[in-house]
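Novice: First the structure, which I've put down as structure tokens, then a few questions once you've had a look.
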Amino acid sequence: MTTLTQDYTTNELMVVAAARELQDGDLIFIGVGTAGRAFTLACGIPIAAARLAQETHAPNLSIYWNNLLSPDLQQIPPKLTQHYLTTWPTAAQLHNCSDKNDMLSRGMFDVSFDSAPQIDRFGNLNITAIGDYKRPTRRLIGCLAQTDHFAYVRRPLILTDLKKRTFVEKVDFITSAGHLEGGTSRIDAGMRPGGPSRVITDKAIFGFHEETKEMEILSIHASSSLEEVLAEMSFTPLVPDEIPVTQAPTAEELRLIREFIDPRGILLVS
Amino acid sequence: MKSKLVDLASAASLIPSGASLTIGGSIIRRSPVALIRELIRQEKKNFTVLAYPAGFTTDLLAGAGAVDRVEAVYEGLFQFGFSYNFRRGVESGAIDIRDFSEVAMAARFRAAASGVPFLPTDAMLGTGMAAHNPEQVKEIVCPFTGRKLHAVPAAETDFTLLHGYTADEYGNVQFPVARDADDLDPVMAKAAKRLIVTVEKIVPHSEIVKNPNLTYIPHTWVEAVVEAPFGAHPLSCDGYYDEDEEHMYEYQRLMKEERFAEYADRFITGPANHAEYLAEALSPARVFELSVR
């Protein structure tokens, strides 16, 4: 084991934590992000994590980003406008939407990365509407494939910053059905097994209790504390008697991220 | 084969107020924007819009107060942010919204394309989309396995409006070889009752037959074809031009402040036709900057 170092950023810690959830042979879905923090959370950290896993314990992991299967992620274009995506000549296949939908419902994807303005105790997500669905106080963006990820992907990962208004007792609208009301409710509703497996945030990492399916703290980052974590949540998750500190990146993992995976600093932008 | 080539105004005049429309393209890519501007110019309204991801075209119609109902997987403008007109429409109750996941909405277009009344899907079990839309998302039991599923209805609309790359006068529409991952335009085209396609350029039939494998919409599906260069502007048309970021940021600045009328004066109802729009919206230098050919 390489010597541990404290000299790492929260983004790098999130990359390493996500990479450790990925397995050899996995097919990973990474979505599109816009700019700034949204890009880092939706694309930057997931891509860096998937690349890190490929370079360490999961050489046979495949990445599907946007509509590109196995793009050469050493050559990400400087801009991501339509033309750069159209002419980036490095993907093994350019899927159409029908292929991607079939791959989802056939159950071909192992991991997806998802995020939402509202996440509840049982890992249900809301990206559709705040308040009443038909007369919302704030209409959001709809569903996209986040619904399909939670229906079909084996181990969806939620990647987001911990915020009180995000982590709510109950989502206003279920866009993505996670563990629904907990217990066996997901299976009782006729859904396939699965549901979100981990919630990786800037302050702590959560899982879902094996039986009750309630969100539970798995570890807290060295830079944070239980007090701070609970202050950023509108519900109290399950808290174990002894809370481990999130495993720090190794020197080798940091070297791979900084020198090989993101040397231009375009993935972990903010 | 008979010629189906018409001008933009004639194509739009086929579509009455109150019609249901499937609009192709994707958010900020290759949507029939010139045709939507012409519908607004002709003061058509009360549309129901079906899309895969809705985007700029739906927001324009919402700005004009011309849309009553939307069924789609997403409404927004991607890197340019929220779809403000649409959002205000839903929040005020003026727009009836029916959300579907990507798998479920694609199943609806496929059902229409293959002529069956519905398709089964388990994508939306346990979700709010199912709970809030019992008339379109109905629980069924698989007759073979006994599994719980949803039936979602075929996405049948009065008209289907697409923007494409090249076509001949008969309506054989072709892809370029280098293009982005395709969205659902070919499925929507096959599903159409009445299909209107605008294209960047009308080419001789002899050009089409050189590469018939690139024809994704055959003439037999098409009612009218229109030549509309920069017909997706300010959106992108992959292989032809990139999205016009300056125009989009200015659009968003105005929409955020509820200034659609001002935008429409300058870019929709002010110009008498698509040629006048292009003169107003695109300087020769800007055409050169956006072109990627």
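Please treat every number below as a calculation from the coordinates, not as lab data. Because the structure is predicted, anything quoted here is derived from the model rather than measured. Neighbour counts are summed over all protein chains in view; Cβ atoms, including those assigned to glycine, are modelled from backbone coordinates with ideal geometry.
Novice: For chain A, set up a Gaussian network in which alpha carbons nearer than 10 Å are linked by springs, and say which option among A:GLN54, A:GLN93, A:GLN23 fluctuates the most.
Specialist: Taking springs between Cα atoms under 10 Å, the residue moving most is A:GLN93.
Novice: Whole angstrom only: what separates the Cα centroid of segment B:15-83 from the Cα centroid of segment A:160-234?
Specialist: 36
Novice: Can you find, among B:GLY171, B:HIS132, B:PHE144, the residue farthest towards the positive end of the dipole of segment B:125-171? Put +1 on the C-beta of Lys and Arg, -1 on that of Asp and Glu.
Specialist: The residue sitting farthest along the positive end of the dipole is B:PHE144.
Novice: Which of rounded, prolate or oblate describes segment B:1-47 when judged by the alpha-carbon gyration tensor and an a/c cut-off of 1.5?
Specialist: Oblate, since a/c reaches 1.5 and b/c is not below a/b.
Novice: Quick one: if you take sqrt(5λ) for each eigenvalue of the C-alpha gyration tensor of the protein assembly as shown, what semi-axes come out, biggest first, whole angstrom?
Specialist: The answer is 41, 26, 23 Å, longest axis first.
Novice: Oh, and also: Counting only other residues whose beta carbon sits under 13 Å from that of A:PRO196, what net charge do I get with K and R as +1, D and E as -1?
Specialist: +1
Novice: Cα-based Rg (one decimal) and Dmax (whole number) for chain B, in Å?
Specialist: 18.9, 63
Novice: With no solvent and one point per C-alpha, what does the Debye sum give as log10 I(q)/I(0) for segment A:1-150 at q = 0.15 Å⁻¹?
Specialist: After summing over all Cα pairs, the log10 values are -0.90.
Novice: For A:LYS164, give me every one of the aspartates and glutamates with a C-alpha distance below 14 angstrom, ignoring sequence neighbours fewer than eight places off in its own chain.
Specialist: Partners within reach: A:ASP120, A:ASP202, A:GLU227, A:GLU228, A:GLU232.
Novice: I need two numbers for segment A:217-267: Rg to one decimal and Dmax as a whole number, Cα atoms only, in Å.
Specialist: Both quantities, over Cα of segment A:217-267: 15.3, 42 Å.
Novice: When Lys and Arg each count +1 and Asp and Glu each count -1, what net charge do the other residues less than 15 Å away from A:ASN60, Cβ to Cβ, add up to?
Specialist: Around A:ASN60, the charge tally is -3.
Novice: Given a 10 angstrom Cα cut-off, can you work out which residue in B:ALA181, B:ALA275, B:ALA167 is the most mobile in a GNM of chain B?
Specialist: B:ALA181
Novice: Compute the Rg to Rh ratio over segment B:201-293 from the alpha carbon atoms, using the Kirkwood formula for Rh, and round to two decimal places.
Specialist: 1.06
Novice: Moving on to the next point. Does segment B:177-231 come out rounded, prolate or oblate, given a ≥ b ≥ c as the square roots of the eigenvalues of its C-alpha gyration tensor, rounded meaning a/c under 1.5 and, failing that, prolate meaning a/b above b/c?
Specialist: Taking the square roots of the gyration eigenvalues as a ≥ b ≥ c, segment B:177-231 is rounded.
Novice: Let me ask something else. With no solvent and one equal point scatterer placed on each C-alpha of segment A:149-270, evaluate the Debye formula and give log10 I(q)/I(0) for q = 0.10, 0.19 Å⁻¹, two decimals.
Specialist: Treating every Cα as an identical point scatterer, log10 I(q)/I(0) equals -0.38, -1.12.
Novice: Quick check on my link table: of A:LYS213/B:LYS148; A:LYS100/B:LYS148; A:LYS163/B:LYS256; A:LYS100/B:LYS210; A:LYS100/B:LYS4; A:LYS170/B:LYS44, which ones sit more than 32 Å apart, alpha carbon to alpha carbon?
Specialist: The answer is A:LYS100/B:LYS4; A:LYS170/B:LYS44.
Novice: Could you give the Stokes-Einstein D for segment B:93-239 in µm² per second, using the C-alpha Kirkwood radius, 10 °C, 1.306 mPa s?
Specialist: Taking Rh from Cα pairs, D becomes 93 µm²/s.
Novice: Hey, another quick one. Return P(r) of segment A:116-170 (all Cα-Cα pairs; 10 Å bins starting at 0; whole %; ordered from short to long distances).
Specialist: 23, 53, 23, 1
Novice: Right, here's the next one. If you look at just the Cα atoms of segment B:33-143, how large are its Rg and its Dmax in Å?
Specialist: 15.2, 50
Novice: Follow-up. For B:PHE118, what is the net charge nearby, where nearby means another residue's Cβ is under 9 Å from its Cβ and Lys, Arg count +1, Asp, Glu -1?
Specialist: +2
Novice: Rounded to whole Å, give me the distance from the Cα center of segment B:264-293 to that of segment A:84-145.
Specialist: 33
Novice: Something else now. On the principal axes of its Cα set, how long, how wide and how thick is chain A? Give whole Å, largest value first.
Specialist: 46, 44, 33
Novice: Would you mind getting me the FRET efficiency between B:ASP265 and B:ASP158? Use the beta-carbon distance for r and R0 = 41 Å, nearest 0.05.
Specialist: Approximately 0.90, to the nearest 0.05.
Novice: Next up: Tell me, what is the FRET efficiency for B:ARG286 and A:THR184 to the nearest 0.05, using R0 = 60 angstrom and their Cβ-Cβ distance as r?
Specialist: Taking R0 as 60 Å, the efficiency between B:ARG286 and A:THR184 is 0.50.
Novice: P(r) tail for segment A:35-117, what percent of Cα pairs lie past 15 Å?
Specialist: Roughly 64 percent, rounded to a whole number.
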